[in-house]
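Notes follow once the structure below has been shown.
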Amino acid sequence: MPARCARSAWAANEQRDGHAVVNTWWLFWGLVFGSFGMGYFLFGKRQERVVPMLCGLALMAFPYFVSSTLVLVLVGLALIALPWFYRD
């Protein structure tokens, strides 16, 4: 199959969907929350504190399962705030 045909099929599919494949704000917030998650995880591991370590793991993993940007931001902010309110 020539490359020209494959490219035109991709362009037709993109026009039919009518929206971008990746939301840039979702990607940005996923990176921010993943960075916070790495920091929380390392802090919790070094200080032997369970809550920050688990929140860090959750912050790094949950963007893979959430497709809405609003839900991503709300859950991420809640997970960032959780160790401040629940101390072990």
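The values are calculated or read from the model by the stated rules, or taken from the named source; none is laboratory data. Please read these numbers as outputs of a predicted model, since none were measured by experiment. Neighbour counts run over all protein chains shown; Cβ positions are idealised from the backbone, glycine included.
Pairs please, first residue from the stretch 35-63 and free of Cβ contacts under 8 Å to residues at least 24 places away in the same chain, second anywhere and not in a helix (DSSP H, G or I), Cβ atoms under 9 Å, 6+ apart in sequence or on different chains.
So the pair list comes out as PHE43/ARG49.
How many residues does the stretch 1-39 hold that are at pLDDT below 60 and surrounded by 12 or more Cβ atoms within 10 Å (Cβ to Cβ)?
Residues that pass the stated criteria total 1.
Give me a count of the residues in the stretch 40-77 that are surrounded by 13 or more Cβ atoms within 10 Å (Cβ to Cβ) and either among the small types (Gly, Ala, Ser) or not in a helix (DSSP H, G or I) (or both).
Residues meeting the conditions: 6.
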